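Structure, as structure tokens:
The values are calculated or read from the model by the stated rules, or taken from the named source; none is laboratory data. Bear in mind that the values here come from a model prediction, so they are computed numbers and not experimental data. Positions of Cβ are backbone-derived with ideal geometry, glycine not excepted, and every protein chain shown enters the neighbour counts. For the accessible areas, the whole protein counts, side chains as well, though only heavy atoms, and no ligand, DNA or RNA atoms are used. Shrake-Rupley method; radii C 1.70, N 1.55, O 1.52, S 1.80 Å.
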Amino acid sequence: MNLELSGKTALVTGGSQGIGRAIAFGLGAEGAKVAICARDKTRLEETAREIKSKTNADVLVVPGDLSQLDEVNRVATTVRDRFGRLDILVNNAGAIRGGDFLKIPDEQWAGDWSLKILGYVRMARAVFPIMQAQGGGRIVNVVGAAARNPTPGYLPGGIANSGLINFSKGLADLGAPSNILVTAVSPAATATTRWESLIAQQAAVAGKTVEAQRAEAASHYPLKRIATPEDIADLVCFLVSARASFITGVCITVDGGATRGVYL
Ligand SMILES: NC(=O)c1ccc[n+]([C@@H]2O[C@H](COP(=O)([O-])OP(=O)(O)OC[C@H]3O[C@@H](n4cnc5c(N)ncnc54)[C@H](OP(=O)(O)O)[C@@H]3O)[C@@H](O)[C@H]2O)c1
């Protein structure tokens, strides 16, 4: 299948590791020019070197803290100026913490949402006029299966994810007249640094080994494993491609069949 991504320009937020890194790799391998943004410049540069050496892609490193409005705008402008246009935005940078509902302080709710809700909203708002002026674009919001599966220990993440699916649908309506297609991808547990630290926390609380906790988590999935970052990245690459030009306003959950209920 020819995804026709060669020469397209993309910005992947949180592109230095985990799911964002896999997406940047995937887009680079398909011939796109990729900008990756995260806070840690050294890790960004390492990832950029790896992508360049394995895919030959043009990779732009743009360090920034996307929980800050001025940083979001600077990153969007930097990518537009360097690449000349911006065909694809993948909103992915997020780091919402779980915890006991009765103990999570306001600062944690607001701080975590400043990245995973406001960071997505602000970046979409920054790139929208660029995409409108150039005649179209694609936006994929990496959300999370907690949107459909509330858990008491992860309410800040569940609320943010539900809201971002609503946002994706509304933004798709807004973008359609300008040929801007907006979708959401919701991963369930995915093998990244973030997931490993969550498993370690859960193991400590349950008094189990990390291996036992990891195996128990995987056992809840019908496919008896959690996702790899590439499982998520492959779908994102498809959704931003020419092969998905009639898909907008939807959220696709990548969970190995774990979510109960049917989607209509
Ligand atoms: N892994 C899972 O099981 C899972 C499940 C459902 C949904 N998700 C969602 O998928 C997305 C990626 O998760 P992941 O597991 O790949 O996470 P990860 O491995 O922790 O990577 C997060 C990325 O975001 C960057 N980042 C964090 N805070 C940032 C900030 N303030 N400004 C800019 N960049 C920032 C990180 O780099 P720096 O730290 O250097 O900034 C890193 O590149 C998140 O939105 C997450 O909620 C993940």
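Among the chymotrypsin sites (Phe, Trp or Tyr not before Pro) within region 32-119, which fall in a DSSP loop and have no more than 12 other Cβ atoms within 10 Å of their own Cβ? It would help to have the intermediate numbers written out before the result.
Values: sites: PHE83, PHE101, TRP109, TRP113; in loops: PHE101.
Counting only loop positions with at most 12 other Cβ atoms within 10 Å, the chymotrypsin sites (Phe, Trp or Tyr not before Pro) in region 32-119 are PHE101.
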* **Accessible area of MET131 in the full protein assembly, 1.4 Å probe (Å², nearest 10)** => 0 Å²
* **Accessible area expressed per residue, the chain, with surrounding protein chains retained (probe 1.4 Å, Å²)** => 47 Å²
* **Dipole in debye (nearest 20) - the chain, about Cα centre, beta carbon charges: Lys, Arg +1; Asp, Glu -1** => 220 debye
* **Qualifying GluC sites (Glu not before Pro) for region 1-101 [loop in DSSP, other Cβ within 10 Å: at most 11]** => none
* Setting aside same-chain residues fewer than 8 positions from LYS41, which lysines have a Cα under 22 Å from its Cα? -> LYS33, LYS52, LYS54, LYS116
* In whole angstrom, note down how far apart the Cα centers of region 147-216 and region 92-110 are. => 13 Å
* Carbon-plus-sulfur fraction of the accessible area of the chain, 1.4 Å probe, in percent? -> 55 percent
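Could you pull out the longest piece of the chain with no exposed loop trypsin sites (Lys or Arg not before Pro) in it, calling a site exposed if DSSP puts it outside H, G, I, E, B and it has at most 10 other Cβ atoms within 10 Å? Intermediate results must be reported in sequence, preceding the final value.
On the way: sites that count: LYS103, LYS224, ARG260.
No qualifying site falls inside 104-223, the longest such stretch.
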